[in-house]
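Below is one structure, written out as structure tokens, with a few remarks after it.
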Amino acid sequence: MASLRDIKSRITSTQKTSHITKAMQMVAAAKLNRAELNAKSFVPYMEKIQEVVASIALGSSDVTHPMLESRPVKKTGYLVITGDRGLCGAYNSSILRAVHAKIQERHKSKDDYAIIAIGRMGRDFFLKNNMNVVLEINGLPDQPNFSDIMEITNKTVAMFSDGTFDELYMYYNHFVSAMTQEVTAKKILPLNEIATSTKLMSYEYEPSPEAILEVLLPQYAESLIYGALLDAKASEHAATMTAMKSATDNASDLIDELTLSYNRARQAMITQEITEIVGGAAALE
């Protein structure tokens with residue numbers, strides 16, 4: 001049985017750990033509120049640019065663009081959004097497991113796919129498993145701006161345009177609630193499945209629909225990536241908050257158990273001392 005000093009030491013160290021996890025939970029909750037607001041604020045822009053692109057692509061049968069047309073798939077791109085840190089439950093592992101299983105299912109050679117990794121955890125996982133990472137970005141802020149990922153989104157869209165890969169799928173954790181995040185797979189390129197929930201508006205385009213598409217389609221694809229990143233950041237902070245709350249609760253439970261063990265051991269020691277005193281007194285009579 002552990003000594004009183006050992007039990008007391010464990011209680012003290014567990015209490016210090018619970019203070020840290022409680023602080024991390026509060027920080028993650030504050031970040032979550034802002035990240036959720038950022039994600040929701042980006043939705044109106046996404047809906048409007050989607051409406052304009054859909055009105056051109058669906059409203060004119062003679063308007064074409066390479067980003068709207070499917071082509072024979074020789075190589076597939078996977079853009080995977082993970083975090084840079086752990087301590088967020090299954091946030092990273094769930095999405096990496098899903099991507100790894102899909103790649104193993106669809107491809108027999110690493111020459112058949114290319115991975116764009118956003119986040120250190122994803123980058124390290126894919127490199128460790130000797131998978132084909134062609135682009136990466138790490139160290140994004142907790143509340144990213146579009147300028148933080150503009151370079152990698154531009155390169156990603158350009159790689160589709162120049163034929164580096166023929167289709168692009170994006171994997172990220174969709175924020176449902178503070179307790180729930182869903183691994184989401186979305187096809188980004190080609191943009192041949194553009195749909196809008198609103199009624200298409202009639203626009204006049206200057207100089208021409210083709211010229212507008214030439215500018216809007218890359219921006220639309222880039223905005224899809226940025227919107228998913230904002231969504232994923234909200235999910236990451238929610239997962240961190242939930243994980244730290246669970247850690248704090250577990251620490252509290254452990255402290256209660258250790259305190260009970262400490263009291264029992266202390267009581268046993270006192271009882272033993274009393275017994276020895278009584279026995280010694282009886283021997284002297």
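Remarks
- Residues in the range 219-245 that a label on F146 would reach, taking backbone N under 12 Å of a point 7 Å out along Cα→Cβ: 219-227
- Farthest toward positive dipole pole in the range 171-285 [+1 Lys/Arg, -1 Asp/Glu at C-beta], among I212, Q181, A281: Q181
- Most simply put, the chain has about 35% antiparallel DSSP beta bridges, counting only bridges with both residues inside it.
- Options M159, L224, I270, ranked by Cα towards positive dipole end of the chain, top entry (Cβ charges): I270
- The residues of the chain expose on average 55 square angstrom of accessible surface per residue, using a 1.4 Å probe on protein heavy atoms.
- Residues with amide H under 5 Å from that of E136, placed H, sequence gap 5 or more: A117
- Degrees separating the helix 4-59 axis from the principal Cα axis of the chain, which is the longest one: 10 degrees
- Highest mean packing first, where packing is the average number of other Cβ atoms within 10 Å per residue, the peptides 237-245, 123-131 line up as 237-245, 123-131.
- Assuming charge only on the beta carbon of Lys and Arg (+1) and of Asp and Glu (-1), the dipole of the range 92-219 about its Cα centre is about 720 debye to the nearest 20.
- The fraction of accessible area contributed by carbon and sulfur in the range 49-182 is 49 percent, rounded to a whole number (1.4 Å probe; ligands and nucleic acids excluded).
- Cross-link partners for K31 among the aspartates and glutamates, with Cα-Cα distance under 12 Å and sequence neighbours closer than 8 places in the same chain left out: D142, E236.
- Accessible surface comparison of E182, E222, probe 1.4 Å, protein chains only, largest first: the order is E182, E222.
- Cα-centre dipole for the chain with unit charges at Cβ (Lys and Arg positive, Asp and Glu negative), debye to 20: 820 debye
- Against the chain, whose longest principal axis comes from its Cα atoms, helix 91-106 is set at around 50 degrees.
- Across K40/K245; K110/K155; K8/K233; K75/K128; K22/K233, pairs whose alpha-carbon gap is larger than 31 Å: K8/K233
- Most positive-pole-ward Cα, Q143, G122, I103, against dipole of the range 103-152 from beta carbon charges: I103
- Degrees, to the nearest 10: 209-284 long Cα axis against longest axis of the chain: 10 degrees
The values are calculated or read from the model by the stated rules, or taken from the named source; none is laboratory data. Since we're looking at a predicted model, the values are computed, not measured. For neighbour counting, all protein chains shown are included, and Cβ atoms are generated from backbone atoms with ideal geometry for every residue, glycine included. Just so you know, the surface numbers come from the protein's heavy atoms only, side chains and all, with ligands and any DNA or RNA stripped out. Shrake-Rupley method; radii C 1.70, N 1.55, O 1.52, S 1.80 Å.
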